[in-house]
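Taking it in order: structure first as structure tokens, then the write-up.
The values are calculated or read from the model by the stated rules, or taken from the named source; none is laboratory data. Since we're looking at a predicted model, the values are computed, not measured. Backbone-built Cβ (ideal geometry, glycine too); neighbour counts: all protein chains shown. Side chains included, ligands, DNA and RNA excluded: accessible areas come from the protein's heavy atoms. Shrake-Rupley method; radii C 1.70, N 1.55, O 1.52, S 1.80 Å.
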Amino acid sequence: MYINENFIKLPQSYLFSKVAAKLREYKEAHPDADLIRMDIGDVTLPIAPCVIDAMHKAVDDMASPSTFHGYGPEQGYPFLRDAIAKHDYQDRGIDIHAEDIFISDGAKSDLGNLGDIYSQKSIIAVADPGYPVYVDASVIDGRGGELLPDGRWSRIMYLECNPDNGFKPNVPQKAVDVVFLCSPCNPTGTVFTRDELKEWVEYARKNRTLIIFDSAYEAFVQDKDIPKSIYEIEGAKEVAIEIRSFSKTAGFTGLRCGYTVVPSELVGYDREGNSYPLRQLWNRRQCTKFNGASYVIQRGAEALYTPEGREAVKKNIDVYLSNARYIKDQLEKAGFEVYGGENSPYVWARLRGENDSWALFQKLLDEAQLSSTPGIGFGECGAGYIRLTGFNSPENTRKAMERLGKVNLNTSVAGEEGSGSMNDLKAIKALDDLQVLDDITKAMEI
Ligand SMILES: *Cc1c(COP(=O)(O)O)cnc(C)c1O
């Protein structure tokens, strides 16, 4: 047999292993240093007690013949689909029904799997910087074209984000088939306003574009004027799939549960111009390749919609949000250019005059003993920026920012790499010689 050669084309993502290697190197040289992790891309607070109780009870259900659950519906159990439709949509005035909701084992799976339902020839657009899954999954499916010397793919449209557009992708001049939008955004922490989303929905309606709206961080939106769901925009049900996750909302990164909304109004087209409801295609895809999320986990997710569950989620989110806000404020005081940090656990920052994100990473490590994620790992437009997260304890967050306040940040540092992800490719060579600890790498997954 011949392999899917797209896997050969795909360069390894060395961002997180390189960060891990650099931290290890630093710890070896400074064994007593009190390193504070501001690069954490995983939640740290435990699961709410009411969710734990619901899962315990669901485990007990499995022990007796009358309450045992075997294969569940591929689309998810009605108890969870109903709770989502009611609380996340209908109670907020959005007309989404249980039949539109497909329970999954997480957003990342669905982001990749959705590629099964649109043409292999589809032109994809992504924000740069962006969550790497959108590009890598598209490349594996054969939608990348060729890898160019600048580290970009020839058939993918990159929507450049920078200070001019406030790190929010603009609607492109040309038509694309599929666009991935993320709000609140990982890695930049930026959120779309209602007017900005309206422009996207208009664009999609005009060009028959499918919007895949990744709102994994929806629960972090506090501002009443910022849409939590793309379906708050009129006409969005005809152009958008929305993907959500209990991972960042409720600490389910290790439990695995999310959902994808495919409204009945949403259609795609064949070559003759005939339209087909995407919900039917997605349903067929799931029934063929997926046997449903775990019963126990779905019972746990259901408990998030009880008053106790909602209160517990709110408490955790408030901790992360106040950390992020504090980071944002302190970085601004220290003279950084800052995005995010509001309605998001992520803060995206650059030191004025600094164009090398690995140099900035190293400077903060050496001088303040804090770790960050170099923005260049999320795309060319991330050069010079770093991502910090609110996923640490309030104590550590404060300590890290106090240190930052005392550091002289004006000393220029020798750039190790210039800019561009090709430099990341160069770094791969050096990395191959390093033994990178698997467990550190795992802990640093996005
Ligand atoms: C974490 C994350 C996901 C993946 O979430 P899971 O449900 O844990 O698979 C998807 N999109 C973005 C932007 C994320 O940051």
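Observations
- Counting only residues that are more than 16 Å from the ligand (Cβ to nearest atom) and within 20 Å of CYS381 (Cβ to Cβ), region 184-198 holds 1 of them.
- Test: residue in region 4-14 that is modelled with pLDDT under 95 and either of a type in the set (Ser, Thr, Tyr) or under 30 Å from SER393 (Cβ atoms) (or both): yes
- Qualifying residue in region 231-239 (condition: within 15 Å of ILE117 (Cα to Cα) and crowded, with 24+ Cβ neighbours inside 10 Å): yes
- Check on VAL319, assigned to a helix (DSSP H, G or I), aliphatic (A, V, I, L, M) and open to solvent by 30 Å² or more (accessible area, probe 1.4 Å): yes
- Qualifying residue in region 386-397 (condition: over 15 Å from ASP39 (Cβ atoms), of a type outside the set (Ser, Thr, Tyr) and touching a strand residue (DSSP E or B) at 6+ places or on another chain (Cβ under 6 Å)): no
- Taken over region 159-191, the criterion of being over 27 Å from ASP42 (Cα atoms) and open to solvent by less than 10 Å² (accessible area, probe 1.4 Å) is satisfied by VAL176, VAL178.
- Residue satisfying all of: in region 97-122; assigned to a loop (DSSP other than H, G, I, E, B) and away from the ligand (no atom under 16 Å from the Cβ); farthest from PHE252 (Cα to Cα) among these: LYS121
Conditions (1) buried (at least 17 other Cβ atoms within 10 Å of the Cβ); (2) touching a strand residue (DSSP E or B) at 6+ places or on another chain (Cβ under 6 Å), marked per residue:
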| residue | (1), (2) |
| --- | --- |
| ASN274 | no, no |
| GLN280 | no, no |
| ALA301 | yes, no |
| ALA312 | yes, no |
| LYS328 | yes, yes |
| GLU332 | no, yes |
| TYR339 | yes, yes |
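- Meets criteria (within 27 Å of PRO184 (Cβ to Cβ) and open to solvent by less than 20 Å² (accessible area, probe 1.4 Å)) for LEU255: no
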